[in-house]
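To start, the structure under review is shown below, and the notes come after it.
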């Protein structure tokens, strides 16, 4: 019984955890529209306030699937096909994927990185990006 309760509490926390969008310390990105975020993650947009922005995926399949469906309005298979087509035609390369633990390594970088994480897993010096419709 205790095991069932623990599992249900953990699953509830995972399912209802909010996705937070964050920017590395060298970024001056405080807010983005949902459309701009989508453009960064589909490789159409590369700059914000005249500074190059590198969008990163997080190595968390549940979070990636949620992000892909809610922000990009695609299924994971559609996104995979999109990047295959872009790579095959030589137009774009897929985004890099990073682990939560490696976010702290990017803090010293002069480049501007944006990514999404689960609430409570925000890297220490990264700033939260407000997303508007």
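Quick note: the coordinates plus some simple rules give every number you see, no bench work behind them. Only a predicted model underlies this, so the values are computations on that prediction, with no experimental measurement involved.
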Checklist outcome for this item: In terms of the alpha carbon gyration tensor, root eigenvalues a ≥ b ≥ c, rounded if a/c is under 1.5 and otherwise prolate when a/b exceeds b/c or oblate, the chain is oblate
Next on the checklist: Just to confirm the number: angle between the C-alpha axis of helix 61-70 and the first principal axis of the chain, 0 to 90 degrees, nearest 10?
Outcome noted: 60
Next on the checklist: Once you keep just the Cα pairs under 8 angstrom separated by 6 or more residues, what percentage relative contact order results for the chain?
Outcome noted: 47
Checklist entry - So what's the back-of-envelope 222 nm ellipticity for the chain, counting only DSSP H runs of four-plus at -39500 (n - 2.57) apiece and dividing by all residues, rounded to 500? => result -10500 deg cm²/dmol
Next on the checklist: Nearest 10 degrees is fine. How inclined is helix 76-89 to the longest principal axis of the chain, computing both from alpha carbons?
Outcome noted: 20
Checklist entry - Which percentage, to the nearest 5, of the DSSP beta bridges contained in the chain is antiparallel? => result 55
